[in-house]
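Before any comments, here is the structure.
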Amino acid sequence: MKNRGIQVLAAAAVAALLLLVLFFLVKTKRLQVNRLIVSPRDTVGVDLSEYQAEVDMDTLAGQGVSFIYMKATEGSGYTDSRFSQNWENAERSGIPAGAYHFFSFDSPGKMQAENYIRTVGSLDGKLIPAVDVEYYADKRSNPPDSAELAKELRDFLDALEAEYHVKPMIYCPREIYEKYIAPYFDEYPRWIRSVYYPAQFEAGSRWVIWQYCDTGRLDGYVGGEKNIDLNVLRRGIDLRSLTVGEDDGSGK
């Protein structure tokens, strides 16, 4: 009995050690479980900004990229320096494209919406607008008030919905979703970030697009940032349901 007890303890210790090693490999991205889950039959896309500099859309498409979201604006006055060229190149290549806005906690939502609408213009035939809501600078240690952020984000979303007649999609990590999005905006299409674990662990099936990797490497861009974010469309959803003028934009 004593020997058996020692064996059980030893087995438990080995199992715990293996779990710690697995956790370390996942958290340091040496083991990227998500890449094993996403299959060639999935609809894969990328999101990019000026950090990728000049982008060859045809080269990306040739590597299986089926859609692109590109940064257009940030706050009430900033425009991504590569947006116009990326937008034109995507139009020329025929790859489905959408434009996203990086939401500032320091600017009125209506002014941010005006910046986006002025910069992007018509979205007919394009993917629905998206807004990126995440902590930046010191905002994690000095977070905005939930009700105040909800008001400004509501103003932003309402303005875009009035302009484009679709519900914008909200991109956010889990910490933002739980504190700011779920209590106020759970009816909006959700673009989740979960680069360590499968989307089902983060959100079940309540997502439209999943950013599953932020260390992707592809040919077709020459910026100082060598990595590119990889995304996948939830199975059962067609890109046409996320296209302005094709559907209600809900992706549901």
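When both residues are 6+ apart or on different chains and their Cβ atoms are under 6 Å apart, which pairs have a first residue that lies in segment 53-64 and is assigned by TED's automatic domain parsing to the domain that holds N89 and under 8 Å from D219 (Cβ atoms), and a second that is among the polar types (S, T, N, Q) and in a helix (DSSP H, G or I)?
Listed pairs, sorted by first residue: none to list.
Show the residue pairs meeting these rules: Cβ distance below 8 Å; 6+ apart or different chains; first residue within segment 139-160 and in the same structural domain as P173 (by TED's automatic domain parsing); second residue of a type in the set (K, R).
Listed pairs, sorted by first residue: P143/K179; S146/K179; D155/K110; F156/K110; L157/K167; A159/K110.
Show the residue pairs meeting these rules: Cβ distance below 8 Å; 6+ apart or different chains; first residue within segment 231-247 and under 12 Å from W210 (Cα atoms); second residue among the charged types (D, E, K, R) and part of a strand (DSSP E or B).
Note: pairs meeting the criteria are N231/D47.
Among the residues of segment 184-197, are any β-branched (V, I, T) and either surrounded by 17 or more Cβ atoms within 10 Å (Cβ to Cβ) or touching a Ser or Thr at 6+ places or on another chain (Cβ under 9 Å) (or both)?
First, pick out the residues of segment 184-197 that are β-branched (V, I, T): 192, 195.
Imposing the further condition that a residue be either surrounded by 17 or more Cβ atoms within 10 Å (Cβ to Cβ) or touching a Ser or Thr at 6+ places or on another chain (Cβ under 9 Å) (or both) reduces the set to 192, 195.
Checked against the condition, which is being β-branched (V, I, T) and either surrounded by 17 or more Cβ atoms within 10 Å (Cβ to Cβ) or touching a Ser or Thr at 6+ places or on another chain (Cβ under 9 Å) (or both), segment 184-197 yields at least one hit.
Of everything in segment 169-197 that's without any contact (Cβ under 8 Å) to a residue 40 or more places away in the chain and part of a helix (DSSP H, G or I), which residue is nearest to S241 (Cα to Cα)?
Applying the filter and picking the extreme gives F185.
Considering only segment 234-252, I want to know if a residue exists there that is within 24 Å of F105 (Cα to Cα) and in contact with a strand residue (DSSP E or B) (Cβ under 8 Å, 6 or more places away or on another chain). Talk me through it step by step, then tell me what you get.
Initial filter on segment 234-252 (within 24 Å of F105 (Cα to Cα)): none.
So far as segment 234-252 goes, no, none of its residues is within 24 Å of F105 (Cα to Cα) and in contact with a strand residue (DSSP E or B) (Cβ under 8 Å, 6 or more places away or on another chain).
Here are G251, G236: which of them is crowded, with 22+ Cβ neighbours inside 10 Å and either in a loop (DSSP other than H, G, I, E, B) or modelled with pLDDT under 95 (or both)?
Just one listed residue meets the conditions, G251.
From Q211, Q200, grab the single residue that is touching a residue at least 60 places away in the same chain (Cβ under 8 Å), among the polar types (S, T, N, Q) and more than 15 Å from I128 (Cα to Cα).
On the way: Q200 fails: touching a residue at least 60 places away in the same chain (Cβ under 8 Å).
None of the other options fit; the residue is Q211.
Test G94 against the criterion of being touching a Gly at 6+ places or on another chain (Cβ under 8 Å) and at positive phi, and give yes or no. Write out each step before concluding.
Values: touching a Gly at 6+ places or on another chain (Cβ under 8 Å): no; at positive phi: yes.
Answer is no for this residue.
How about segment 47-77: which of its residues are farther than 15 Å from P129 by Cα and in a strand (DSSP E or B)?
Those that are farther than 15 Å from P129 by Cα and in a strand (DSSP E or B): V55, V65, S66.
What are the residues in segment 221-230 that are in contact (Cβ under 8 Å) with a residue 60 or more places away in the chain and farther than 20 Å from Y171 by Cα, if any? Before you say what the answer is, go through the steps one by one.
We begin by selecting, within segment 221-230, every residue in contact (Cβ under 8 Å) with a residue 60 or more places away in the chain; these are 221-225, 228-230.
Result: Y221, V222, G223, G224, E225.
Which one is surrounded by the fewest Cβ atoms within 10 Å (Cβ to Cβ), of the residues in segment 96-152 that are in a loop (DSSP other than H, G, I, E, B) and β-branched (V, I, T)?
Initially, segment 96-152 is screened for residues in a loop (DSSP other than H, G, I, E, B), giving 96, 103-108, 121-126, 128-129, 133-145.
Adding the requirement that they be β-branched (V, I, T) leaves 128, 133.
Working: I128: 27, V133: 21.
Restricting to residues being in a loop (DSSP other than H, G, I, E, B) and β-branched (V, I, T), the top hit is V133.
For D138, indicate whether it is more than 23 Å from G109 (Cβ to Cβ) and among the acidic types (D, E).
no
The values are calculated or read from the model by the stated rules, or taken from the named source; none is laboratory data. Just so you know, these numbers come straight off a predicted model, no measurement behind them. Note that we place each Cβ from the backbone using ideal geometry, even for glycine, and neighbour counts take in every protein chain shown.
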